[in-house]
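The values are calculated or read from the model by the stated rules, or taken from the named source; none is laboratory data. In this text the structure is predicted, and so the values were computed from the model without any measurement. Positions of Cβ are backbone-derived with ideal geometry, glycine not excepted, and every protein chain shown enters the neighbour counts.
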Amino acid sequence: MPDVQALVNDFVLKLKRRKIEGSHASARHTAELLRSVISHQRMRQTNQAGALIDAVKAVGEQLIAANPVELAVGNIVRRVLHIIREEDLSSTATAIEGLGLSAGSDDDDEGQYEDRPALSAAALAAAARSTLRAPSLQTLLGDIPGSAVTPQPPSSWGDSEGKSKSDKNLRSRKLKHDVIEAINELIQDIDTCHEQVSEQAVEHIHQNEVILTLGRSRTVKEFLCAAKEKNRSFRVFVAEGAPRYQGHVLAKELVGKGIQTTVITDSAVFAMISRVNMVIVGAHAIMANGGVVAPVGINMVALAAQRHAVPFVVVAGSHKLCPLYPHNSEVLLNDLKSPSDLVDFGEFSDCMDFGSHGGSPLLHVVNPAFDYVPPKLVSLFITDTGGHNPSYMYRLIADYYSADDLVVKQRSTS
Amino acid sequence: MAQKKGLRSSSSDDPEELARVPLQAVLLADSFATKFRPITLERPKVLLPLVNAPMIDYTLAWLESVGVEEAFVLCCAHSQQVKDYLNKSQWMKQQGTFAVQPIESRDSISAGDALRAIYNFGVIRGDFVLVSGDTVSNMSLKEALQEHKERRKKDPLAVMTMVIKQSKPSSLTHQTRLGNDEILMAIDPDTKELLYYEDKTDQSQRFITLDKMLLANTPTLHLHNDKQDCYIDICSPEVLSLFTDNFDYQHLRRHFVKGLLVDDLMGYKIFTHEIHSSYAARIDNFRSYDTISKDIIQRWAYPMVPDVQYFGSCSQMKLDRLGIYKAPEVNQSRTAQIRAFSLVGNGTTIGDHSEISNSVIGQGCTIGRNVSIQGSYIWDNVIIEDDCKLSHALVCDGVHLRAGVVLEPGVILSFKVEVGQKIVIPAYSKVSLLPQPSKQDSDEELEYADANSGVVESPSITSIVNTRNVDPVPDSSDAEHSDTSEVGISGVGYIWLTSEGGHEEEWRHSIAPIPAEKLMEFFLSAHADLEVSNQDVNSLPASGELQVDSESTGFDDGEDYRDSADFEKEVEATFHRALAGVNQDNVILEINSLRLSYNMSHADCAGSLFYSIMRSALAFPHSCNRELLLNTGKELGRWKDLLKHYLKTIDEEIEVLLKFEEMCLETAKEFAPLFSAILNHLYEKDILSEDAILSWAEEKEGADESDKIFVKQSEQFLKWLREASEDEDE
């Protein structure tokens, strides 16, 4: 699969060069890339799920290493791995079921297999999630290759040679097909997450409220616009979000939609917070403990909100849900950008005069991209699945990810 | 011929430009200078690691990021190494929109030659970006390209756009940051056309010479000394043919740019594009290597910083607090300390109690115990044994420092040099395994000369070393036998003689911080600059300081006596420069600007100028009054035109007379007996009109007796004048 490799390399390079930035874009691209990786993966007869998982892991590792700051990439890789596991489980379940049936009546086994694909993969996945929780937990605890292999033998057990072959062919195509279907759904989810989040806007934004936000987040924008479309009238304070000043862009967009908007400096947030009914911000990533990695300055807003008991709401698509804890060593929480956003190089060039101050620069300009907001400062998360408490995040994460995949690293065996 | 070719190709380009021409770039993988010797004897400059990635990677990555589709890497010195590197690197493998193609031209010994070689290959089809392989930048070229294209459509003679960047406007910063000379540019603020470029401003000479046509042709012109040349140019294909037609063009700036600016026959124009927030700089010498490394560590070149892995080839870095970059597999002792703004590469081991600050350490190095490394650059696979001290040194691949070695600031150790125990390498020394080639006076030569040609035989080197007394430990006999014993027992390497400029120049381009006394010198000269400019025409600061009361007209001496005295002095200084041979037009210009800055009238100028002329006449040696008169006559004749320039009305002429009178009374009594004779002379030379003289006499009628000395003295002359005028009246 040379063409897939080229695609992967291209994407890795783009991530490395920061040509793809933002969690939405990178999540979408990652999902699309993994879909093509899976569709190009040649299926072996045995241990198909294991092979798929290995392939995705190999690619995923490269992607994650390419830009560790972009946590959405890792999230999507893990979600795809989870999808493979779930699909494998559900197909195994159907196979077992089918076997059970065929043991009862040998004649109409063909009909059974015709019926099965009619069920949507999602329904199967949901079924697996609800009914097969116990086996899935078992696999979570077990070793990956082992867990992937162990369900395999029972399917071929006690069957005639020819039948098992045709069965396997069918199953292999089916597994891949199902996985691709599920990934398509995932991509669709990523695309529509803004709408799903903003559908809930009316429940949270009330008449004549004052909302404060910082910087620009597409989700926040859609959320506010959705409330406006439902004829809610409210005011928005936009903190400009120095040094990138995305708040200015947001203010323009909001005014375009006819929302009463006030732009304030970041430093004025504390002065204004007492007049605010609710703070709504976007996020770069939501960690497993309910902490938020968000554009720089938001922690200050959260602290101000806590001081005045103003609800602090974070809106984010579920692709921003990260199964890692912020204390994990591989989670790089911040990205330090160029100081040129803050100060003009020309003006400060004499302060960076290494020749004259004994060789060590006296000036150090720090320009971090993100803040970490601890979970206790967050009142509510609004994701595409609804509103959640920070303490509920770990549970949500367990739905989306399997524990085996938290560390996406090839085993030393490979 | 040349012109035709250029024009034709440009006109044929125009329809092509409507169809899309891929953006091309020419990357010169050779600096055609010797500033990085002795390192560049073994490895081309573009492959030297800058914060653990070869310089050429920075340039190529930048070219790719700005949307260049074809890059031609012109390899001259060490062309095989450059080609090998490129073949191995990701740049050649990568499919897609960015193609790198090496072009070999071994016999090119200057940028001019290289561009002529490119021309002969005939690969350049449209506008191209011309950079050197040691450029670090993160600027976006879109705007500059757009500007360039639009200008080209309007004016096919706009062949080049130079990228410039603002930096602090003091000569100090230029020198201390990048080790360059101050660059002076004259730019038209409206069209951004470059009108004048000078990168070798002479420090001793504190003025520049501009062509007066320049001032005549452009309504406004800004003279900048606060711009940094980024050495990134967008060129039209004509540039190549220009190089081919002018065989004497060698250096890009010194010959080509200046050549085009001076040459008004062909009328080619160069424009500038200023960048603000983005970073661009070129590594020209060791000082800029140091500065740019630190800029990268401080993330000015983002995203080309170590932890972003922009080039893919280098290992993953992690950025800790205070600008400390660490590779994942660093073996660091618990007691070792890595201080701010340092980078440690993969697989490096650091022993107990060692300290590293402000330094870059490559991959696979072994650092022993109690080592102190400060502001140094240590490349890959270096072994540093216990108790070594390195400050502001550059240590290349495979160097072995035995226990207790001390490297003083500015030391350069080239590849695989070994230094024996407890040796102190003196400041600014360069040590290499290769012996130093014989002296070559030009700095435009190749980076690489054949190792066999022009090598000073080893005996002379030993003698050099002996005289420099490098080796405090008496050599053991077996060490004496080997040629390369200069760096101590069991050491390997030659110590190079300091280069052409001698010790004087070494500190300027070295990694080491500038010595305090040199800095003092800078400050002093900078202040001297200010003072000179006070007296000078460019009285920008002067006008601010000295203009006490701008309202006064300068006639009442009592109040602003000091002002007018200063003014007089300034005019005299200007006049002295005129004596030294400055063009008369310039003198007028200078005096005019002085007049404005001191808020003086024309009459004051005339008076002061006259005073100066008389002083100069007085300065000539004279034995008797007669000789003095002769001299005065001569001087007045010489400067008549100048003086006439300010004598537009009778008032000014009277002022001159009053001045003269005052002189005779006070400052230059020698003239007193000659008053009437000189007055006569002034009249004859048409400097003073009879009306002026007569009205002066009238004014004096009612004055004190003492004031009338000179009126009386010239009574005869006045009488004659009156008669003459009456005659005329009749």
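Each row is one residue, and each column tells you yes or no for (1) away from chain B (no Cβ under 14 Å); (2) surrounded by fewer than 22 Cβ atoms within 10 Å (Cβ to Cβ); (3) modelled with pLDDT under 80.
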site	(1), (2), (3)
A:SER329	no, yes, yes
A:MET352	no, no, yes
A:HIS357	no, yes, yes
A:LEU362	no, yes, yes
A:PRO368	no, yes, no
A:SER379	yes, yes, no
A:ILE382	yes, no, no
A:TYR392	yes, yes, no
Within region B:347-363, count every residue that is in contact (Cβ under 8 Å) with a residue 24 or more places away in the chain and away from chain A (no Cβ under 14 Å). 3
Give region A:204-244 a look and list any residue that's among the small types (Gly, Ala, Ser) and under 13 Å from A:THR261 (Cα atoms), or say none. A:SER233, A:ALA239
Enumerated helices (runs of 4 or more DSSP H) restricted to region B:33-124, each holding at least 2 residues that are more than 28 Å from the chain's Cα centre (by Cα) and hydrophobic (A, V, I, L, M, F, W, C): B:79-88, B:90-93, B:111-121
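Give the number of residues within region A:267-286 that are farther than 15 Å from A:ILE211 by Cα and of a type outside the set (Gly, Ala, Ser). Break it down into steps so the answer makes sense when it comes.
Restricting attention to region A:267-286, the residues satisfying the condition of being farther than 15 Å from A:ILE211 by Cα are A:267, A:283-286.
Then drop every residue that is not of a type outside the set (Gly, Ala, Ser), which leaves A:284, A:286.
Final tally of qualifying residues: 2.
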Considering each of B:ASP263, B:ASP290 in turn, give the residue that is free of Cβ contacts under 8 Å to residues at least 12 places away in the same chain and either surrounded by fewer than 22 Cβ atoms within 10 Å (Cβ to Cβ) or charged (D, E, K, R) (or both). B:ASP263
Number of the exception - B:LEU319 against (1) buried (at least 19 other Cβ atoms within 10 Å of the Cβ); (2) over 34 Å from the mean Cα position of the chain (by Cα); (3) more than 11 Å from chain A (Cβ to nearest Cβ): (3)
List every residue pair whose Cβ atoms sit under 6 Å apart, with the two residues 6 or more apart in sequence or on different chains, where the first one lies in region B:330-341 and is surrounded by 16 or more Cβ atoms within 10 Å (Cβ to Cβ) and the second, anywhere, is assigned to a loop (DSSP other than H, G, I, E, B) and of a type outside the set (D, E, K, R). B:VAL330/B:THR348; B:ALA336/B:SER354; B:PHE341/B:ASN358
Looking across region B:114-173 at residues that are among the acidic types (Asp, Glu) and touching a strand residue (DSSP E or B) at 6+ places or on another chain (Cβ under 8 Å), the single one that is farthest from B:VAL66 (Cα to Cα) is B:ASP155
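Residues are listed down the side, and each one gets a yes or a no for (1) among the acidic types (Asp, Glu); (2) within 14 Å of A:PHE11 (Cβ to Cβ); (3) in contact (Cβ under 8 Å) with a residue 60 or more places away in the chain; (4) away from chain B (no Cβ under 14 Å):
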residue	(1), (2), (3), (4)
A:THR46	no, no, yes, yes
A:GLY50	no, no, yes, yes
A:ALA58	no, yes, yes, yes
A:GLU61	yes, yes, yes, no
A:ILE64	no, yes, yes, no
A:PRO68	no, no, yes, no
A:ALA72	no, yes, yes, yes
A:ILE84	no, no, yes, yes
Within region B:292-307, restricting attention to residues that are facing chain A (nearest Cβ under 7 Å) and at pLDDT below 85, which residue is farthest from B:TRP91 (Cα to Cα)? B:TYR302
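Consider B:LEU240 carefully, then state whether it is at pLDDT 85 or above, more than 18 Å from A:PHE345 (Cα to Cα) and either at the interface with chain A (Cβ under 9 Å from one of its Cβ atoms) or surrounded by 20 or more Cβ atoms within 10 Å (Cβ to Cβ) (or both).
On the way: at pLDDT 85 or above: yes; more than 18 Å from A:PHE345 (Cα to Cα): yes; either at the interface with chain A (Cβ under 9 Å from one of its Cβ atoms) or surrounded by 20 or more Cβ atoms within 10 Å (Cβ to Cβ) (or both): yes.
The answer is yes for B:LEU240.
Specify the residue that is nearest to the other protein chains (Cβ to nearest Cβ); the eligible residues are those in region B:72-99 that are free of Cβ contacts under 8 Å to residues at least 60 places away in the same chain and small (Gly, Ala, Ser). Outline the logic, then answer.
Just the residues of region B:72-99 that are free of Cβ contacts under 8 Å to residues at least 60 places away in the same chain, to begin with: B:72, B:74-75, B:79-88, B:91-99.
Now narrow it down to the ones that are small (Gly, Ala, Ser): B:79, B:96, B:99.
On the way: B:SER79: 27, B:GLY96: 7, B:ALA99: 15 Å.
Of everything passing the filter in region B:72-99, B:GLY96 is nearest to the other protein chains (Cβ to nearest Cβ).
One residue is enough: does region A:2-25 have a residue meeting the conditions more than 13 Å from chain B (Cβ to nearest Cβ), touching a Ser or Thr at 6+ places or on another chain (Cβ under 7 Å), among the hydrophobic types (A, V, I, L, M, F, W, C) and surrounded by fewer than 18 Cβ atoms within 10 Å (Cβ to Cβ)?
If we filter region A:2-25 for residues that are more than 13 Å from chain B (Cβ to nearest Cβ), which is where we start, we get A:4, A:22-25.
Still in the list and also touching a Ser or Thr at 6+ places or on another chain (Cβ under 7 Å): A:4.
Next cut, among the hydrophobic types (A, V, I, L, M, F, W, C) only: A:4.
Filter once more, so that each one left must be surrounded by fewer than 18 Cβ atoms within 10 Å (Cβ to Cβ): A:4.
Yes, region A:2-25 has at least one match.
Right, B:ILE183: within 14 Å of chain A (Cβ to nearest Cβ) and modelled with pLDDT of 85 or more or not? Working first, answer last.
Values: within 14 Å of chain A (Cβ to nearest Cβ): yes; modelled with pLDDT of 85 or more: no.
No, not satisfied.
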Please give the number of the condition B:THR40 fails out of (1) within 14 Å of chain A (Cβ to nearest Cβ); (2) surrounded by fewer than 24 Cβ atoms within 10 Å (Cβ to Cβ); (3) not small (Gly, Ala, Ser). (1)
Considering every residue within region B:100-108, establish whether at least one is under 20 Å from B:THR244 (Cα atoms), β-branched (Val, Ile, Thr) and without any contact (Cβ under 8 Å) to a residue 40 or more places away in the chain. yes
Out of B:GLU69, B:GLU104, report the one residue that is under 27 Å from B:TYR279 (Cα atoms), more than 14 Å from every other protein chain (Cβ to nearest Cβ) and surrounded by fewer than 23 Cβ atoms within 10 Å (Cβ to Cβ). B:GLU69
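Among the residues that make up region B:136-148, is at least one of them surrounded by fewer than 18 Cβ atoms within 10 Å (Cβ to Cβ), modelled with pLDDT under 85 and within 14 Å of chain A (Cβ to nearest Cβ)? Break it down stepwise before answering.
From region B:136-148, those surrounded by fewer than 18 Cβ atoms within 10 Å (Cβ to Cβ) are B:140, B:142-143, B:146-147; that's our starting set.
Subset that is modelled with pLDDT under 85: none.
For region B:136-148, residues surrounded by fewer than 18 Cβ atoms within 10 Å (Cβ to Cβ), modelled with pLDDT under 85 and within 14 Å of chain A (Cβ to nearest Cβ): absent.
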